[in-house]
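The values are calculated or read from the model by the stated rules, or taken from the named source; none is laboratory data. What you see is a predicted model; the values in this text were computed from it and never measured. Backbone-built Cβ (ideal geometry, glycine too); neighbour counts: all protein chains shown. The area values use the complete protein model at the heavy-atom level, side chains included, leaving out ligands, DNA and RNA. Shrake-Rupley method; radii C 1.70, N 1.55, O 1.52, S 1.80 Å.
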Amino acid sequence: MRRPHLAVLAAVALGTALSAVPAQAADRAPSLGPDHCTATACHFDVPPGTYDVKVLLGGDAASSTAVGGETRRALLPETAVPAGERVARSFTVDVRDPEGEPTGAAGTPGLDLTLHGTAPALADIRVTPARHARQIFLIGDSTVCDQDAAPYAGWGQQLPRYLRKGLSVANHADSGESTVSYLRDPRLFGTVQPLIRPGDLVLIQLAHNDKTTDGPAYRANLETLVAGVREKGGEPVLVTPVVRRWFNADGTLNNGTALLVNGLGVDHPAVVREVAAAEGVPLIDLTAKTKALVESLGVEASKALYLYDEKRDNTHTSVHGATVYAGLVRDELVAQALVPDGLTREE
């Protein structure tokens, strides 16, 4: 797994009681202790799997700490703690190989966590195998995936920050993939499907790269993905694609470029909605939600959601945009009772 590139951070108070519990059987790896954490990061030699992480935040001075990990995933939002106090937080994390995009580099083994924020302070940490976690698998493209380099970010990369212990995001989205390629490449659906357990959620957002996929093929591919998830006892959730930031003169996004209508005239969001209705599959209409948000912000303010200023890119989101869009997904998961409200965070 790739070691994170650490920026210059504020001083971190690393408590003398810092400890870590092995996240695997003792005969599989050496005992993990305080020497596995530095002031800005922790590394645990654990095999692929799902792990619960409990952190104790705070120090002698007032602090504010966020936790990230693996390929730039946001695992815990920034948490302020008054001077001399301690606050416990927990989350569940997916450790896999490769740790980021499925067709990307394998990286190095283990669980890597980063400590950041305006004044990070970690007093204690404990990592244990997750015994009752429910997985949320993500199938998607570059607008969803764990992007390995700034300034890019996918909404799936930010979704973990909104979830508490007991829910883990397994982000198998991959840049450049269409419904055609995701089914064809064994590193993609061929790898995801065997991992699905009864009760797991599988969110499917594929459209941006189906530029040459005709309507019947696009529909059939979505149906194949839905059937494949159900075959393993998982619960598929169809997600319409995030809009491109492509304004009309009147300030609306009512055009094929923004709303993902391909060159063959296939209206991807419309087909997704139709398949969801026909198959009785929950639908997160992220096209409608992101369209409303981008239009409400207008031409200038909406630039911050995308990489317009950095890359003149109106398709891929910034960390801020990915975080906002992940929040929309979280809201729908709760509103549709797909996950319990008690297992999510507001921030």
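By per-residue mean of other Cβ atoms within 10 Å, what is the highest-first order of 312-320, 110-118, 295-303?
110-118, 312-320, 295-303
Roughly what angle does helix 215-231 make with the longest principal axis of the chain, taking Cα atoms, 0 to 90 degrees, to the nearest 10?
40 degrees
For the chain, what is the charge dipole size about the Cα centre, in debye to the nearest 20, if Lys and Arg each add +1 at the Cβ and Asp and Glu each add -1 at the Cβ?
360 debye
Say a paramagnetic label sat at a point 7 Å from the Cα of T224, along Cα to Cβ; which residues of the range 165-179 have their backbone N under 13 Å from it?
Residues 178-179 qualify, since their backbone N sits under 13 Å from the label point.
Using the basic label-point model (7 angstrom from Cα toward the beta carbon), what is the L264 to R184 distance in nanometres?
In this crude spin-label approximation the distance works out to 1.2 nm.
Highest GNM mean-square fluctuation, the chain, Cα pairs closer than 10 Å: which of V169, V87, V329?
Evaluated over the chain, the most mobile residue of the options is V87.
Roughly how many percent of the accessible protein surface of the range 204-326 is carbon and sulfur, given a 1.4 Å probe and a whole-percent answer?
On the way: 2610 of 4960 Å².
C and S fraction of accessible area: 53 percent.
I'd like the isolated cysteines in the chain, meaning no second cysteine's beta-carbon lies under 4.7 angstrom from theirs.
So, C145.
Of the cross-linked pairs K211/K291; K54/K311; K211/K311, which ones have a Cα-Cα span greater than 28 Å in the structure shown? Display every interim value, and only then the final one.
Details: K211/K291 20 Å; K54/K311 37 Å; K211/K311 22 Å.
The answer is K54/K311.
Among (i) 133; (ii) 146; (iii) 198, find the value of volume of the Cα convex hull per residue in Å³ that was calculated from the structure presented, and write down its label.
Label (i) holds the value from this structure.
Express the accessible area of the chain per residue in Å², computed with a 1.4 Å probe while the remaining protein chains stay in the model.
Normalised by residue count, the accessible surface of the chain is 40 Å².
Angle, helix 268-279 long axis vs. longest principal axis of the chain, Cα atoms, 0 to 90°, nearest 10?
80 degrees
Taking only Cα atoms, what is the 0 to 90° angle, nearest 10, from helix 319-335's long axis to the longest principal axis of the chain?
Once rounded, the angle reads 80 degrees.
Quick one: grab the alpha carbon gyration tensor of the range 210-251, order the square roots of its eigenvalues as a ≥ b ≥ c, and give me rounded if a/c is under 1.5, else prolate or oblate depending on whether a/b is larger than b/c.
Verdict is oblate for the range 210-251.
Want the number for A105 to T118: 0.36 nm per residue separation, take away the alpha-carbon distance, what's left?
Separation in residues times 0.36 nm, less the Cα-Cα distance, equals 1.6 nm.
Putting +1 on Lys and Arg Cβ atoms and -1 on Asp and Glu Cβ atoms, find which of T257, G342, L286 reaches farthest to the positive end of the dipole of the range 251-347.
Ranked along the dipole, the leading option is T257.
How large is the accessible surface of K54 in square angstrom, using a 1.4 angstrom probe and rounding to the nearest 10?
Counting only protein heavy atoms, the figure is 110 Å².
Starting from the 7 Å offset along Cα-to-Cβ, what nm value, one decimal, do you get for the label separation of D309 and S90?
Simple spin-label model gives 3.9 nm for this pair.
Please report, as a whole percent, how much of the solvent-accessible surface of the range 114-182 comes from carbon and sulfur atoms (probe radius 1.4 Å).
48 percent
Tell me, what % of the accessible area of the range 38-91 is carbon and sulfur with a 1.4 angstrom probe? Walk me through the intermediate numbers first.
Details: 1030 of 1900 Å².
Result for the range 38-91: 54 percent of the exposed heavy-atom area is carbon or sulfur.
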